[in-house]
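Please see the structure below; I have some questions.
The values are calculated or read from the model by the stated rules, or taken from the named source; none is laboratory data. All of these numbers come straight from a predicted model, not from anything done at the bench. Positions of Cβ are generated from backbone atoms using ideal geometry, with glycine treated the same way; all protein chains shown enter the neighbour counts.
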Amino acid sequence: MSMNDSWYRASVGDVTQRDALQGDITTDVCIVGAGFTGLSAALELAEAGVRVTVLEAEQVGWGCSGRNGGQINPGLGCDHGRVVAELGADDARKVWQLTLDGVELLRSRVKRHNIDCDLKAGILLVANKARHVPELQSWQHELEALGYDQLAFYDRDALQSLLKADYQAGVMDWGGGDLHPLKYALGLASAAEAAGAQILERSAVLGYEEDGRTVTIRTAAGQVHAQHLLLAGNAYLGKLLPWYRKGFMPIGSYVGATRPLGELATQLIPSRAAVCDMNTLIDYYRLSADNRLLFGGRASARDAQPNALRATMRERMALVFPALAEEDFEYLWGGQVAMTMSKAPVFGRLGRRTLFAQGYSGQGVALAGMAGKLMAQTVQGDAAGFDLMARAKHWPVPPGAPLQTAIRALALLWYRLQDSR
């Protein structure tokens, strides 16, 4: 499926077309993937004076970085308590701080590089059912115990001042927010190039070899010889990582954009905050700058065509906002999200010169940027943050697409059963 199906792509107009790799080149660091992870690493390295070349199989932001829901969250996809159980309280607190730093990194880059990406503050986590309310309050108290002071609880009645929808309660996180993800990716790319990075598009990597002194990365039309290789393809890495090192499975996720709703948009979401519910198979939505409702969710075990999910997604949207029961989506698109069993990301090394980071499990807008920075720091000799994140343990993902699809389908069925309770 093409990124051209998305409202994000339609709304940015003409974009820079970059050259493809031709022949052999030499660089200090080669990065595979021009999404948030790779572009963040490229910007960090280029600003430090490191020669860096990014190879992108399609165009900048073509994968999840340019198609996602645009919601910015601190934290990992898993509960903080799970991180404590695995890493201990002190290191878990360091991980939490890294995720906060990831949000601040995003904001500071938008400001410093003047990236026009519709960035705004506020994300609202809402309880679908009465049993979710104690969980919501427990989550709030857990983060406040870490010193996080950006959260405000709203009971069912008070929530109506923020969101005209039928939920049991909500917590507003003013430390989170939302943005236009493709505009942000394109802005990161421009900033990285201005700092000296080279970004080559339509240059799919076929393989790579490390000989102890360098890594040679091959495409159909050339080779890159580098001191270090950073794999930043996330759900679109293909076979560039051994199956037992991936640690994630790609899950299809979909977003629809309505027509511009005018004044109705702010009537539905008076706070204009991004919203995410507490089901396992979540609905998430927000308003665009031109007052479209961007409504996402409906995970799929297969890479389904978005139109096959149109009716289901319209029903979900109408359940949340009955006033939109007759509305259709002007744009409907999807892509692959890299989900891990634990919902914590996967960081790791292959050999002496290759690093990878992926599996952000829906938290990638800020977390991927921090992952790119940590990889860049590691290349420059400071591996403390990267090695901390790499300590998380992950179940290996079984090889073979048919088996993976069957496992995904069973997992999604289980999640639906959980959500129906």
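Is it true that residue 154 is touching a residue at least 24 places away in the same chain (Cβ under 8 Å), surrounded by 16 or more Cβ atoms within 10 Å (Cβ to Cβ) and of a type in the set (Ser, Thr, Tyr)? Give the steps one after another, and end with the answer.
Values: touching a residue at least 24 places away in the same chain (Cβ under 8 Å): no; surrounded by 16 or more Cβ atoms within 10 Å (Cβ to Cβ): yes; of a type in the set (Ser, Thr, Tyr): yes.
So residue 154 fails the test.
Of a type outside the set (Phe, Trp, Tyr), modelled with pLDDT under 75, at negative phi and not in a helix (DSSP H, G or I): does that describe residue 402? Spell out how you get there, then give the answer.
Values: of a type outside the set (Phe, Trp, Tyr): yes; modelled with pLDDT under 75: yes; at negative phi: yes; not in a helix (DSSP H, G or I): no.
The answer is no for residue 402.
Name the residues in the stretch 29-52 that are under 17 Å from the mean Cα position of the chain (by Cα) and closer than 17 Å to residue 385 by Cβ, would you?
36, 37, 40, 41
Looking at 158, 165, 130, which one is modelled with pLDDT of 95 or more and either aromatic (Phe, Trp, Tyr) or more than 20 Å from residue 295 (Cα to Cα) (or both)? Write out each step before concluding.
On the way: 165 fails: either aromatic (Phe, Trp, Tyr) or more than 20 Å from residue 295 (Cα to Cα) (or both); 130 fails: modelled with pLDDT of 95 or more.
Step by step, each of 158, 165, 130 is checked, and only 158 is modelled with pLDDT of 95 or more and either aromatic (Phe, Trp, Tyr) or more than 20 Å from residue 295 (Cα to Cα) (or both).
Give me the pairs: first residue in the stretch 359-374 and free of Cβ contacts under 8 Å to residues at least 60 places away in the same chain, second residue not in a loop (DSSP other than H, G, I, E, B), beta-carbon distance under 7 Å, and six or more apart or on different chains, which are they?
Close Cβ pairs satisfying both conditions: none exist.
Looking at the stretch 7-24, which of the residues that are polar (S, T, N, Q) and closer than 15 Å to residue 184 by Cα is surrounded by the fewest Cβ atoms within 10 Å (Cβ to Cβ)? Give the steps one after another, and end with the answer.
So in the stretch 7-24, the residues polar (S, T, N, Q) come out as 11, 16-17, 22.
Retained after the next criterion (residues that are closer than 15 Å to residue 184 by Cα): 11, 16.
Values: 11: 17, 16: 12.
Among residues in the stretch 7-24 that are polar (S, T, N, Q) and closer than 15 Å to residue 184 by Cα, the one surrounded by the fewest Cβ atoms within 10 Å (Cβ to Cβ) is 16.
Quick check on my filter: what residues within the stretch 79-115 are among the acidic types (Asp, Glu) and either more than 17 Å from the chain's Cα centre (by Cα) or in a loop (DSSP other than H, G, I, E, B) (or both)? Quick ask: steps written out before the conclusion?
Of all residues in the stretch 79-115, those among the acidic types (Asp, Glu) come to 79, 86, 90-91, 101, 104.
Correct list: 79, 86, 90, 91.
Need pairs with beta-carbon distance below 8 Å; first residue within 17 Å of residue 75 (Cβ to Cβ) and within the stretch 337-352, second in a loop (DSSP other than H, G, I, E, B) and of a type in the set (A, V, I, L, M); sequence gap 6+ or separate chains.
Once the first residue is within 17 Å of residue 75 (Cβ to Cβ) and sits in the stretch 337-352, its partners that are in a loop (DSSP other than H, G, I, E, B) and of a type in the set (A, V, I, L, M) give 342/392; 343/76; 344/76; 344/392; 345/76; 345/392; 346/392; 347/392.
When you check residue 238 against the structure, is it free of Cβ contacts under 8 Å to residues at least 24 places away in the same chain, on the phi > 0 side of the Ramachandran plot and surrounded by fewer than 22 Cβ atoms within 10 Å (Cβ to Cβ), yes or no? Spell out how you get there, then give the answer.
Details: free of Cβ contacts under 8 Å to residues at least 24 places away in the same chain: yes; on the phi > 0 side of the Ramachandran plot: yes; surrounded by fewer than 22 Cβ atoms within 10 Å (Cβ to Cβ): yes.
Yes.
Restricting attention to the stretch 196-207, does a residue exist that is surrounded by fewer than 21 Cβ atoms within 10 Å (Cβ to Cβ), within 25 Å of residue 279 (Cα to Cα) and without any contact (Cβ under 8 Å) to a residue 60 or more places away in the chain?
Looking for residues that are surrounded by fewer than 21 Cβ atoms within 10 Å (Cβ to Cβ), within 25 Å of residue 279 (Cα to Cα) and without any contact (Cβ under 8 Å) to a residue 60 or more places away in the chain, one finds none in the stretch 196-207, hence no.
Output yes when any residue across the stretch 88-109 is touching a helix residue (DSSP H, G or I) at 6+ places or on another chain (Cβ under 7 Å), of a type in the set (Ser, Thr, Tyr) and touching a residue at least 12 places away in the same chain (Cβ under 8 Å), and no when none is.
Yes, the stretch 88-109 contains a residue that is touching a helix residue (DSSP H, G or I) at 6+ places or on another chain (Cβ under 7 Å), of a type in the set (Ser, Thr, Tyr) and touching a residue at least 12 places away in the same chain (Cβ under 8 Å).
Okay, moving on. Run down 341, 313 and say which single residue is out of contact with any Cys (no Cβ under 9 Å at 6 or more places or on another chain), farther than 19 Å from residue 7 by Cβ and modelled with pLDDT under 95. Break it down stepwise before answering.
Working: 313 fails: farther than 19 Å from residue 7 by Cβ.
Step by step, each of 341, 313 is checked, and only 341 is out of contact with any Cys (no Cβ under 9 Å at 6 or more places or on another chain), farther than 19 Å from residue 7 by Cβ and modelled with pLDDT under 95.
Ok, one more. Within the stretch 173-199, work out how many residues are assigned to a strand (DSSP E or B), within 21 Å of residue 227 (Cα to Cα) and within 22 Å of the chain's Cα centre (by Cα).
In the first step, residues of the stretch 173-199 are kept if they are assigned to a strand (DSSP E or B); the result is 173-178, 198-199.
Among the residues that remain, those that are also within 21 Å of residue 227 (Cα to Cα) are: 198-199.
Going one step further and asking which of them are within 22 Å of the chain's Cα centre (by Cα), we end up with 199.
Qualifying residue count for the region: 1.
Hey, among 384, 368, which residue is modelled with pLDDT of 95 or more, within 25 Å of residue 51 (Cβ to Cβ) and buried (at least 22 other Cβ atoms within 10 Å of the Cβ)?
Numbers: 384 fails: buried (at least 22 other Cβ atoms within 10 Å of the Cβ).
Just one listed residue meets the conditions, 368.
Okay, next question. If residue 180 satisfies every condition in (1) crowded, with 20+ Cβ neighbours inside 10 Å; (2) out of contact with any strand residue (DSSP E or B) (no Cβ under 6 Å at 6 or more places or on another chain); (3) under 27 Å from residue 27 (Cβ atoms); (4) not acidic (Asp, Glu) but one, which is the exception?
Unmet condition: (3).
Collect the residues in the stretch 110-123 that are under 24 Å from residue 145 (Cβ atoms) and touching a helix residue (DSSP H, G or I) at 6+ places or on another chain (Cβ under 8 Å), keeping them in residue-number order.
Looking only at the stretch 110-123, we keep the residues that are under 24 Å from residue 145 (Cβ atoms), and these are 121-123.
None; the set is empty.
What are the residues in the stretch 17-39 that are assigned to a loop (DSSP other than H, G, I, E, B) and of a type outside the set (Asp, Glu), if any?
Of all residues in the stretch 17-39, those assigned to a loop (DSSP other than H, G, I, E, B) come to 17-22, 33-35.
Result: 17, 18, 20, 21, 22, 33, 34, 35.
Yes/no per residue for (1) touching a residue at least 12 places away in the same chain (Cβ under 8 Å); (2) out of contact with any Gly (no Cβ under 7 Å at 6 or more places or on another chain):
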position: 226; (1), (2): yes, yes
position: 254; (1), (2): yes, no
position: 261; (1), (2): yes, yes
position: 264; (1), (2): yes, yes
position: 278; (1), (2): yes, yes
position: 296; (1), (2): yes, no
position: 325; (1), (2): no, yes
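Checking residue 54 against (1) of a type in the set (A, V, I, L, M, F, W, C); (2) over 15 Å from residue 368 (Cα atoms); (3) not in a strand (DSSP E or B), which test does it fail?
Status for residue 54: all satisfied but (3).
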